[in-house]
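The numbers here are math on the coordinates, done by the rules we state, and not lab data. Every value quoted in this text rests on a predicted model; they were computed, and no experiment measured them. Cβ sites come from the backbone with ideal geometry, for glycine too, and all protein chains shown count toward neighbours.
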Amino acid sequence: MLYWKTYGQKISYKQTKNPYSFAPFILTQQKIFNQIKNMSIRKATLADHPAISKLLEQLGYPGTESYLPRNLEVMLSQSLSTVLVYELDGAVAGFIAFDFIPQLTTRGDYARISCFAVDENIRSKGIGNALEEHFTQLATERKCDRIEVHCHSRRVDAHRFYERQGYTESPKYFVKMLSDE
């Protein structure tokens, strides 16, 4: 069994006397190498705000162009906040924004996903998985106690994604709105 740590996919194959039986394996391996070669996860920059705004619009948050650059600038300047983007073939295909929150009641901090999106046209291709695994590694290195994410009840596909990633539902989430917007 081969394990591609960079991409988190397992590939298995059987040994055989037929040299042509490896063709599917070689094609799959080449496809993964090409995907790895053309992708990267990096810290977001202010120049990414149009692509992030487009992804937010796909999530149902229209009109972020006017305030997103300022919010992104604030998040990028804080040591406990981070925004990562997944770049595929030179374009932002997804992003994850998160915070590390120090706690008094636990040994480790909490890691909280504040926003997470993958382009709706290329979902189910491993992009969300790669971003979430990268974030989980950062939270583990920081010795966080847990990862939290708030996910609206209407986002059923996102719920399935989080469950596949090892999250469990923790009911009771309260919110106090401070503005009409």
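Brief remarks follow.
- Other-chain or far-sequence residues with amide H under 5 Å of ARG146's (modelled H): ALA111
- Reachable aspartates and glutamates from LYS125, criterion Cα separation under 20 angstrom, eight or more residues apart if same chain: GLU87, ASP89, GLU133, ASP157, GLU163
- 16 Å cut-off, amide nitrogen to a point 7 angstrom out along ARG123 Cα→Cβ, residues in segment 68-101: 93-96
- R0 of 45 Å, Cβ-Cβ distance VAL175-ALA91: FRET efficiency to nearest 0.05: 0.85
- Amide H contacts under 5 Å for CYS115, placed H, 5+ residues apart: ALA97
- Taken along the Cα-to-beta-carbon direction at a fixed 7 Å, the label points for GLN58 and LYS43 span 2.5 nm.
- With 0.36 nm allotted per residue and the present C-alpha distance subtracted, the HIS152-SER79 stretch has 23.6 nm of extension available.
- Among ALA47, GLY60, PHE174 the positive-end extreme of the charge dipole of segment 29-174 (Cβ point charges): PHE174
- Segment 91-106 residues near the modelled LEU138 label - backbone nitrogen below 18 Å, point 7 Å along Cα→Cβ: 92-103
- Taking amide H as placed 1.01 Å from N in the peptide plane, the amide H of GLY94 sits under 5 Å from that of TYR86, ASP119, each at least 5 places away or on another chain.
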